[in-house]
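Trainee: Before I ask anything, let me first share the structure, which is written out below as structure tokens.
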Amino acid sequence: MSLLVKAVDRLSQIDIDVDKDWEGYGITNIAEVAAHMTLGSLAVRGNGGILRRILPGVAGYVLTSAGVAHIPTWAPAATPGVLYFPVWFDISTPTAAIVAPDHTRDLDAPVGSVLDPTTVATETPVLDLSVVAGLFTPDHSEAEDAPVESCYHDEVRTTVILGHEGVGGSGASIADMIRGSRFMCMQSGNIGSIDVYLQVTDNGGGVDVPVRAAIYDVHRRFLRRSDSIDIAAGAAAWHNFPLTANQAVTIDNEYWVVVFAEDIVDMEVEAFYDSGPGCDIAIDQGLYLAETFPDFPPLTGHTREQTKFSIYGNYV
């Protein structure tokens, strides 16, 4: 097939019947587009309606829109976190924070913000929680469409207490070491004694070990203690420590309940606890502080940890 053109010096002077059956032929070499194109190049409409070349991008890049009236460009593919992460966090100030919920709080209250400028700052900001008490990043190494997980504190309590009545799976020395955990008060009243799950082991000392328990406020200021109780070596068990006087506690306030023993050569004494990770124990629910028995000083210079000791105060 041939095309005879007379007295034509511009391509724009030619009328092309695009509906015609060209029998497999067509215009294949428009110089402004085809020249210097490589395998994988693309053509795109540019300014003034002129076709422009887009050369192949870097391997792994994707063609990304730059918006209306702009030429698309090659850009890195979005990360899995951008593609699949189901929750966006806008941290607009340097003091904003996402904190682990304290699951000893009221489980029926609505979720709230920790950034409340009208609330007096405390050791632990007040958090309102519901039964869906925590949000956790899905593990996208397992499933890209994994849903947001939730969990809540579901400890079964057979009595009204201030603390944790479950038997912990680990033990830690309380010889010249104050140890305990922070708990939310679920009922106003008076605490008359403290129960602690502990064990004394005789490694050749042959004596009983004096032990005391105490209650501090949320700011770790001393409130009330028990007298010393001499504990003999034996199997791990619950031991009761009557306070020197009843200690008033108020609902929705937090308190530290702690235990402390004298350090005696060849005698070992341990208090039991549960530890993280997990949503049932706050990241900073436990603490320990080295101190010489028997005084209970303000808990300054302490170390925080994710532990929940088997210790609780009894109402009277």
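The values are calculated or read from the model by the stated rules, or taken from the named source; none is laboratory data. These numbers come from a predicted model, not from an experiment. When we count neighbours, we look across all protein chains shown, and the Cβ atoms used for this are built from the backbone with ideal geometry, even at glycine.
Trainee: Filter segment 300-316 for residues that are crowded, with 20+ Cβ neighbours inside 10 Å and assigned to a loop (DSSP other than H, G, I, E, B) and give the result.
Mentor: Matches in segment 300-316: Ser310 only.
Trainee: Looking at segment 170-205, which of its residues are surrounded by fewer than 21 Cβ atoms within 10 Å (Cβ to Cβ), more than 23 Å from Val249 (Cβ to Cβ) and of a type outside the set (Gly, Ala, Ser)?
Mentor: Hits for segment 170-205 are Asp176, Met177, Gln199, Thr201, Asp202, Asn203.
Trainee: A further question follows. Of everything in segment 218-248 that's surrounded by fewer than 17 Cβ atoms within 10 Å (Cβ to Cβ) and charged (D, E, K, R), which residue is nearest to Ala172 (Cα to Cα)?
Mentor: For segment 218-248, the residue satisfying everything is Asp230.
Trainee: Might you let me know whether segment 276-283 holds any residue that is crowded, with 21+ Cβ neighbours inside 10 Å, at pLDDT below 95 and under 34 Å from the mean Cα position of the chain (by Cα)?
Mentor: Within segment 276-283, one or more residues are crowded, with 21+ Cβ neighbours inside 10 Å, at pLDDT below 95 and under 34 Å from the mean Cα position of the chain (by Cα).
Trainee: If you don't mind, another one. Using the structure shown, decide if Thr244 is assigned to a loop (DSSP other than H, G, I, E, B) and either within 17 Å of Asn314 (Cα to Cα) or at pLDDT below 95 (or both). Outline the logic, then answer.
Mentor: Values: assigned to a loop (DSSP other than H, G, I, E, B): no; either within 17 Å of Asn314 (Cα to Cα) or at pLDDT below 95 (or both): yes.
Considered against the rule, which asks whether it is assigned to a loop (DSSP other than H, G, I, E, B) and either within 17 Å of Asn314 (Cα to Cα) or at pLDDT below 95 (or both), Thr244 comes out as no.
Trainee: Taking segment 249-275 as the region of interest, how many residues are over 23 Å from the mean Cα position of the chain (by Cα), farther than 20 Å from Ser193 by Cβ and either exposed (fewer than 14 other Cβ atoms within 10 Å of the Cβ) or of a type in the set (Ser, Thr, Tyr) (or both)?
Mentor: 2
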